[in-house]
Structures are given as C-alpha cells and as structure tokens.
Amino acid sequence: MDEKLHGELNHLKGEVKSIWAYLKESKQSTGEIQKLQFENNRLRDFISSLKEENMKLIQERDSLTFALQIVSREAMNQRPTASSPTNTSNNDTISQGEVSVTPCDNTRPNERTDQSEWQVVSKKKKKSKTKKQRNEAQSNANDSKDSVPEKVSTTLLIGDSMIKNVQGTKLGEAVGHRVVVKSFSGATTKAMKDYLKPNLELSPDQVVLHVGTNDLKQKEPRHVADSIVDLARQIEKTSEAAVAISELISRRDELNEAVKTTNKHLNSYCRQNAWNFIQHQNITEKELNRGGLHLNFKGNLNFFNNF
C-alpha cells in the first residue's frame, strides 16, 4: 500500500514539474510576444508618420501646380492681340509710279547684255505683300485668342487631421475638377481663421470646412457650431467661393454625444444659409482606429466617398 502511494506521489511530482516547466516557457513566450507587439506598434507609427509626410508633400505639389497655372493664365491674358507688322527694308518699299530694278549680282547695269536676268518689282507686288501681312496678323490674333485656357474649377478642402489621408488628386479625379487638400493637425476653429487667409488667396471656387472636433473639450456644442459658422462667413466676406461644411465625425469617447449635438446645429445653420452640408452617417465606431478618434482604412474610404 505504501509503495503504491509512493509511486503515485512520484507520478504527481513529475506532472507538477512538467506543468511548471510549461509555465516557464509560456512566460518566456508571452514576453517575446509582447516585445514583438511593441515593435509592431512602433513600426506602424513610423509608417503612419511617413504617410503623413508624403501627404504633405503631395499637397505642397498641388499648391505649387495650382499657383503655376494661375501665373501662366495671367501671362497668356497679357499677350498682345495681334503680332506687330514685320518691318520692311527700304529696298522693298516702292512709291507710287516707281519701278525698282534689282540686279542679280554686283555687275553694273550697263555691263550686262542679258536683260532677262533683271528682276522688276512693281506696285502690284507691294500691295499683295501688304495684304499677306494683314492676313498673318489676323491669324496670329485668332491664335492668341484661342490659346487662352479655360478657368479650371477648384475646391479647397481645409480642416484638421481628420482629412490628412484624403488625397486631393484622387478626389479631384472622382468629382471631375481640381481639389486641393490642406490638413492642419490639432487645428481648432480659432487657429483655422489664420490658416484660411493665405489659402483663400488662391481664389478657389468652393471651400469645404472640416473642423471643430478639437474644440469640444473647451466649448459647448452650440459654441463650437457658432465658431464654424463664423469661419464660413469669413470665407464669404473675403472671397467669391461657395461654402460647404463637413459635419464632425463620431468618436469613441465621452464627447461623442457632443459631436451629435454639434452636427444638429450645423445642419440647421447650413439650411438657413443655403450652404452645402456634407454628412458622414456611414462612419461609426467600427470605422475608427484603436485610438477611437481617427479613422481606420474603411473609415477613410467612406470619408473619401462622402465628398
């Protein structure tokens, strides 16, 4: 009986040792997994920063291209409507009743025996040449008029970091006209007043505002909506651009209800002022990233399509 118990105890000891060894290996594996997760997160952040830098470069390129188009258009408008008439030498000008005799070489007239080699330029030829010049001048004027490019419609999408992943070139291809995207991370409605001024100098035809979520910690929803409306009126006063307001995107924190209230006020203001109101009802918590404030891949896709 004692030997049987002793055998069972030894068996149990062996089981405990194997379990303990397994737990040690599991702890080591867990540590390695945590290290790999940390490294993965670090690489994700690095890739995100590279994408953001790439977007900034694309936006700068779009701005420079647009400015170059404006300069080129102004230069074309300043071109003369007709080219200056070509100056003629005294040898080609013939007064009324005169006949110009031009030798074919430097031999004096009285030394030549073949009179057929002399060229006679009459008054009739002068008239024909003048008519040709007039036709060329008219042709140049028509070419200058036709070469003036048509004005390209441009939309300026300006806002906070929520629009940083929207590519203006692709959005422009989707809507059928030029789109310039200007994203300012962490921007509030107060800061946006200063950001708007230099961008309105590009004379866009439409301005889409997406800002306000960074104000919600300091302001009530009604005050946030009022600040956005002030920006829209600033655009109308300082430019001829049409105004559109993009509603705030839902959040995964305690301010989500404030987002909904702000959007209700904005919708009402847009109806009163005949502004276009862009809604994002197809973006829910499922379309947010792990932080709960910015968009994941699907969220960015829906956000892009809403414009």
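The values are calculated or read from the model by the stated rules, or taken from the named source; none is laboratory data. The structure presented is a predicted model; accordingly, all values stated were derived computationally and were not measured. Heads up, the Cβs are rebuilt from the backbone with ideal geometry, glycines too, and the neighbour counts pull from every protein chain shown.
In summary, His223 fulfils each of the numbered conditions (1) of a type outside the set (D, E, K, R); (2) under 24 Å from Asn302 (Cα atoms); (3) free of Cβ contacts under 8 Å to residues at least 24 places away in the same chain with the single exception of condition (2).
Rundown of residues vs (1) outside any helix (DSSP H, G or I); (2) buried (at least 19 other Cβ atoms within 10 Å of the Cβ); (3) at pLDDT below 90, yes/no style:
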site	(1), (2), (3)
Asp253	yes, no, yes
Lys260	no, no, no
Arg271	no, no, no
His280	yes, yes, no
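The set of residues from region 268-290 being more than 21 Å from Val229 (Cα to Cα) and in contact with a Lys or Arg (Cβ under 8 Å, 6 or more places away or on another chain) comprises Glu285, Lys286, Glu287, Leu288.
Cβ-Cβ distances below 6 Å connect the following pairs, each with a first residue in region 149-161 that is assigned by TED's automatic domain parsing to the domain that holds Ala187 and farther than 13 Å from Val175 by Cβ, a second residue that is at pLDDT 90 or above and of a type in the set (Lys, Arg), and a separation of six or more residues or different chains: Ile158/Lys182. Taken as a whole, region 142-152 holds at least one residue that is under 28 Å from Asn302 (Cβ atoms), of a type outside the set (Phe, Trp, Tyr) and either touching a strand residue (DSSP E or B) at 6+ places or on another chain (Cβ under 9 Å) or modelled with pLDDT of 85 or more (or both).
The set of residues in region 165-200 being assigned to a helix (DSSP H, G or I) and β-branched (Val, Ile, Thr) consists of Thr169, Val175, Thr189.
Residues of region 177-200 that are more than 28 Å from Arg222 (Cβ to Cβ) and either in contact (Cβ under 8 Å) with a residue 24 or more places away in the chain or under 13 Å from the mean Cα position of the chain (by Cα) (or both): His177, Arg178, Val179, Val180, Val181.
Please work out if Glu32 is among the acidic types (Asp, Glu), within 15 Å of the chain's Cα centre (by Cα) and at pLDDT below 75. It is false that Glu32 is among the acidic types (Asp, Glu), within 15 Å of the chain's Cα centre (by Cα) and at pLDDT below 75.
Comparison of Asn91, Asn54 shows that the only residue that is of a type in the set (S, T, N, Q), at pLDDT 50 or above, assigned to a helix (DSSP H, G or I) and outside the structural domain of Gln167 (by TED's automatic domain parsing) is Asn54.
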